[in-house]
Each structure stands twice: as C-alpha cells, then as structure tokens.
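Worksheet for the structure shown next.
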Amino acid sequence: MSASNYITQTFPVTGMSCASCSLSVETILNATNGVIDAKVNFANASVLVKWDQQVIQPAGMKTAIQAVGYDLIVEGSETAGETVEEIQRKEYDQLKKHTLGAVLFSIPIVVIAMFLPNMPYAKWIELALTLPVVFIFGKRFYVNAWKQMKHRVANMDTLVAVSTGIAFLFSLFNTLYPEFWTSKGFDAHVYYEAAAAIIAFILLGKLLEDRAKSNTSSAIKKLIGLQPKTVVRIAEDGTEITVPIKDVTIGDILLVKPGEKIPVDGKVTNGNSFVDESMISGEPIPVEKTESKKVFAGTINQKGSFRFRAEKVGGETLLAHIIKMVQEAQGSKAPVQKLVDKIAGIFVPVVMGISLLTFIVWMIFGGEQAFTHALLAAITVLVIACPCALGLATPTAIMVGIGKGAENNILIKDAESLETAHKVDAVILDKTGTITEGKPVVTDIIWSENADQEQLTSLLLGMEKQSEHPLASSVEEHFSNKKVNGTQPQQFESITGQGVKAAFAEEVYFVGNNRLLEENKIDLPEDIRAKAEKMQQEAQTVIFFANAKKILAVIAIADQIKDTSKAAIKHLQKEGIEVYMLTGDNEQTAESVSRQVGLKYFKAGILPGDKAEFVKELQQQGKTVAMVGDGINDSQALAQADISIAMGKGSDIAIDVAKMTLTTSDLNSIPKALKLSKQTVATVKQNLFWAFIYNVIGIPIAAGVLYAFNGFLLNPMIAAAAMAFSSVSVVSNSLRLKWKTL
C-alpha cells in the first residue's frame, strides 16, 4: 500500500453507550482490511480513521461498524442530512422514553410478585406487563448481545440479555404449562419481576451516563461560537464590505469596531485599541494594540477600532488550535463502569458454563428426579446470578456521591472524575480568578503632603471617566463607592502607552505610568519612587497622579489574593500533594503571589498550549494531575488533566470542559472533592463486593452442592429473593455516603 493513498478523517459514531463500546468500534475498524489505524473518542462520539482509499471506502467501514450494533455517519448515508447533535439528541430522547416506560411497567410487576402473588390472574398480569419491558423498552440489549455474540464478544448487554431472557422464558413456560411442575409436586414459580426490574435499572444507569456525557460537546460549540460569522473587509478602493468569515484569505485587510470579536489571527496595520485577551492569557487587564502588534481570533476588542492584516485563517488560527486540542484531550478515559464491563465479559460465559455443568451433573447423578432437579438447579444458577446488584453498584454510589458533592459546593459531572480524583498527587492552579479574585481593584492610594484630597479626587475621577484604559475603571469604581462626583475636564488627551492628560481651570494634570512623568519632566521624589517599587514587588500595578509641577498621588492596583487560597494550598501540601501555579502574568507578579500563598512551584508568562504541555509533563512523570482554572485559556489544560476542576465564577468554556465545578470561589472545596472521591470509590468497591459475594456463595448452593450433605436444594424463588437482597445491600451501602463528613 502506498502512503499517498492514505486518507485521515474523523467520522461521528452513534450507538456507543459505554467504554467497552468504544473499544468494540476501535477493534472492529482496526481489524477491517484497508484501515491503517482507528482511534475512538468516546467523549465526542467520533472516530479518527486512517485508511487506504484503494482498498476500502467509508461505506465499507460503515458496514463493518453496523455489524456490531453501532453506526458510522458518512457523507451520502441516510443519516448524513442530520447533524451529529440531532442524532445524539434523538438517541437520548429514545433512551429516556424507554427508561421511563420500563420503570413504570416494572413497579406493579414487583409489587404483585412481592406482596400479591396469590391474587387472581397474577401471573398473567405480570406477563402482560413484562412483555413491553422485554420486547420494546429492553429490545436494545438483546439486539446488541446477538451482534456481539456473532463476533465472540460479551459485555454488559450480553449479561442483561442472557439473565433476563432465561428468567422471562422460564416464567413464560411456567405460566403456559404450570402442570409440568405441579404434576411433580412443585410450584410453578415465575420470575417476571427479575427480568423487568433488571432492564429498568440498567436503562436508568445508561441514561445517567448519557446525560453526563452529552455535556462534553457543548464546550466545543461555545469555543466555535467565539468566532464571528461575518467580518468587515477593506477593499482595494477603501470601501468596507461585509463578507462571510469563510471567505477571508491571508493578506486581507479587516476592520474591527468597538465591542466586536476579532475574527482571525493577524497584525495591526492602522489604529489602536485595547483588546481583552483573557481567553488566551487568562489575565483580566486588556492588552493595548498599536501598529504591528499581533491580534488573535476570538479575543474581544474594547473601545477603539483598528484595521489588521489577516495572517492565519480557518483551521490555522490560535482559537482553532485550542478547539482541536480540547477535542483531542477530551478523549475517553476509562470510567468505573469499564471494570463492570470487563467483569461481565468473563462473568457471563462462566455463569452459563456453571449452569450447563450443573444440568449435566444432575442428569448423571440425579436419580429418579434427575431432569426436574437438573432444570431447576440450572435455572436457579442463572436466576441467582442476575446482574441487578452489579448494575446498581456504580450508579447508586455515583448518584449519592454527586448529591453529597452538591451539598458541599462541588458539582460533579460523571463517574470518571470520582474514580480518579482520589489518586491525585499533583494540583495545578491558575492564578487569575483561581488563587486571586480575578478583578483588578485599587488597594492603596498615597497622597502627597498638604494635598486637597477632596478636590483632587474629583479631578482624578473626572479624568478616569474619560479614559479608555482598562485600569481607569478600577479607579473609577473605587471612588464611585465613596460617592465622589467627578469634575468634567475642559480638555482631555489620551497618550498611547503612557496615560492621559487633562486641563482644569487652566492647570494641566496627568494620570499614567513612569514614562508619562519622564516625558513631561515631572520629578519623582526618591521616597515616592521607593514606595512605588515596593508596591510593584508585591505584584501591584502603580499609576501616578500629577500636575505639571509635582506628584499628587500614587495609586496601587492589584488582583487581590482570595482569603482562603493560602489555607487551601497548605491543606493540599499537608496531604502530600504537590501544588503548582501557572500564569500568563509576568515573573515578578507570579513570584510575589507564590510567596504570599506559600507555593514552592510556579511558572510565569505561559500560553494556553504551554499549560496543557506542563500537564502532559507531569503525567509522563507518573503523576495523577488535577487542573484548576476559570478561563478559556485554561480549557486545553483542563481537558488534558486527569481531573479538571473549574471555578463556578469562571467562563462557560472552562465549566463545560471541566469534570468538576466549584460553585464557590473557595479553594478549600478542592481537598473536600478529593476526600469525597476516596469515599465514593471505596463505596463502589464495597458495592461490587456485595454484588458478587452472593454469587460466590449463592451459585454453588444454587447448583446443589448441599444436596449431598443435607438434602437441601435451593428454591428458585429463594434465589430470586437473595438476588433482590443483594440489590438492597448495594443501595443501602451507597446511602451511607450521605452521612460521612468531608
């Protein structure tokens, strides 16, 4: 095969409901002639396929996937007219209806079986109610199990289909021909409640999984939504033309007006403004853009307008790369349920083998009633092995754990995060909005001696109200809270890269940086210089207020550290967890913040991709990494991390990508989340133990091992009761989580 014939493309996949499903799709495709490599992304319900076009076409891959119960959406197929979201929504809606139907029909079946077994026509009523549960609501299990069996594969669907199928068929036989048993002195028991309840519980578990998984794609949709659909292009004759963004090519001159999103990556050619680049850097202060400065797609222009030349368009923009990296990093990681699927793959043939062996042994050594005992014992083995508790083991613990988290300001999206969080030994914290408040505020104002503070405050506020600089709003907000009225300046001028200049009653005033003072030959006394330098060392931005002769005030502005950050970091370090801080801010600010909160490790001046790479570095060292962030700039690292935690006041993208969201800004919720994970995982393991201990003890008894010693042969009804009791044990154990402290 020639490499020039190879094509790589991503296709949506429908019908996947568990981690083992993605493994099945991957295995079948990789075994298909002509496919070089296939990687399934369970989170995005897609598969990246590399194939030889001379050997196979997408239609052939679609046929191979359909053979095991799934579907590949390819161009020209019957589903290609619909979007992936529409198809997934239809599947979810159908699952929701089937779950509701199965639950509603199962309740009266269980009530009759447990409390009203002797009511008139009880068996026939149970049969009538069970038929729709098995043949309509639970049909998927039997169809998928058959397709899996044809490829010699067993999963949870197989387990459900075999156990409920045997229970239903045995019950149907006993309903239609009760005399087969009564003539031999036995009761003709039915087990419709087992068949119906198992299907209802498993469907409910699948519904909960799908509900959590459906949120993963919304983050990508919101990232894509950051790019405008149209853009203003400047024609050669200088006229402005609105064109679709897909028509923009490299070299085009584009116009960005106040408040608009920048459509593609490029370089400013004319004009100036401030641009909110928090989605890239995470820093709250907009960046000044003048001629030759770079701008990036998805960032938001502030008050000014400018023109820029397009340098990267389409899939080459920084935003497009962020989207791609998030999609790749969101690839499925094995949830707790995968363990159950693996066990089910072994459990099903083992139980069926034991059942068959039981039947054979009884037929050989059973004496006069060999067939009766053989059939009863074989059926009892299958009934006691029903996977009701197995199906409940994970969902019940997760449901209680998620509820417990919500009570403690921790919103948990799925089982995956609860499975992994207790292993975390490295936590990465974003600075802005995570360790700090995420908003610059005035922290200190030092006035010169004998200054008329009331009058000067009014002048300063009047100037800042006119200024377009983002820090001006911090000063404005500070004084507005003190109910000060600003004086309107008679003349006002914004000086790029320095600050602002204004005239009041024929006297000139300045607000800006040190360069503004130097340009206007305003002396900066040594004592004020020392104070300003100390403020800067403490991660504060300093601006000066002066008239033409002297400094009137020094104003310190900073993004303040949250009160709880230091305690939370200390708690994590005490637990033996390494804590890192990553920020797009400068080295001096990062060092100051790290020192104040007691951090040993930090990195400054890094971009979103650098954060994701740092997560990978720690993972390659064998660490289980938790990433905590609040901005779009954190989304790549959040998606890459083993555990992703978003601050509730952060961006929608960060919250959507993250598997956990803290509804409070208190970082103390992180140690609580890790402890909750330990408790929940322990509960899941206990549940799986209880789910299997009944089988370990019950199956040999059901097979009749005690018959040779004391003549005891387990009645199938008692077997069903034991199976039901195992479910009660699992649910009760899960509920214990509610009363544990964090």
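The values are calculated or read from the model by the stated rules, or taken from the named source; none is laboratory data. Only a predicted model underlies this, so the values are computations on that prediction, with no experimental measurement involved. No Cβ is skipped: glycine too gets one built from the backbone with ideal geometry, and neighbour counts run over all protein chains shown. Just the protein is used for accessible areas: all its heavy atoms, side chains included, with ligands, DNA and RNA removed. Shrake-Rupley method; radii C 1.70, N 1.55, O 1.52, S 1.80 Å.
Would you mind getting the accessible area per residue of the stretch 455-610, heavy atoms of the protein chains only, 1.4 Å probe, in Å²?
52
What FRET efficiency do you get for LYS139 and LEU176 if R0 is 25 Å and r is their Cβ-Cβ distance, rounded to the nearest 0.05?
Result of the calculation: an efficiency of 0.70.
Please tell me which of these pairs span more than 27 angstrom C-alpha to C-alpha: LYS431/LYS675; LYS50/LYS603; LYS404/LYS659; LYS257/LYS562?
LYS50/LYS603; LYS257/LYS562
If you average the sequence gap of Cα pairs under 8 Å that are 6 or more apart and divide by the length of the stretch 535-652, what percent do you get for the contact order?
Dividing the mean separation by the residue count of the stretch 535-652 yields 17 percent.
Report TRP146's accessible area, 1.4 Å probe, all protein chains in place, as a number in Å² to the nearest 10.
Approximately 140 Å² of TRP146 is accessible to the 1.4 Å probe.
On the accessible surface of the stretch 563-624, probed at 1.4 Å, how many percent belong to carbon and sulfur atoms?
45
Which of the aspartates and glutamates could be linked to LYS531 by a straight reach, that is with a Cα gap under 16 Å, when you skip same-chain ones fewer than 8 residues away?
Straight-line reach from LYS531, under 16 Å: ASP444, GLU449, ASP523.
ALA451 versus ILE241, label points 7 Å from Cα toward the beta carbon: distance in nm?
Distance between label points: 5.5 nm.
Mind checking which aspartates and glutamates have their C-alpha under 13 Å from LYS90, skipping anything on the same chain fewer than 8 residues away?
The qualifying aspartates and glutamates are GLU82, ASP210.
Which of the aspartates and glutamates could a cross-linker bridge to LYS439, judged by Cα under 12 Å and excluding same-chain residues fewer than eight apart?
The reachable aspartates and glutamates, counting only those whose Cα sits under 12 Å from LYS439, are GLU283, GLU477, ASP559.
Would you mind calculating the relative contact order of the stretch 509-584 from Cα pairs under 8 angstrom and at least 6 residues apart, reporting the percent as a whole number?
Relative contact order comes out at 27 percent.
At 1.4 Å probe size, with the rest of the protein present, what percent of the exposed accessible area of the stretch 658-702 is carbon and sulfur atoms?
Answer for the stretch 658-702: carbon and sulfur cover 69 percent of the accessible area.
Give me the percent relative contact order of the stretch 111-203, please, defined on Cα pairs under 8 angstrom at least 6 residues apart.
31
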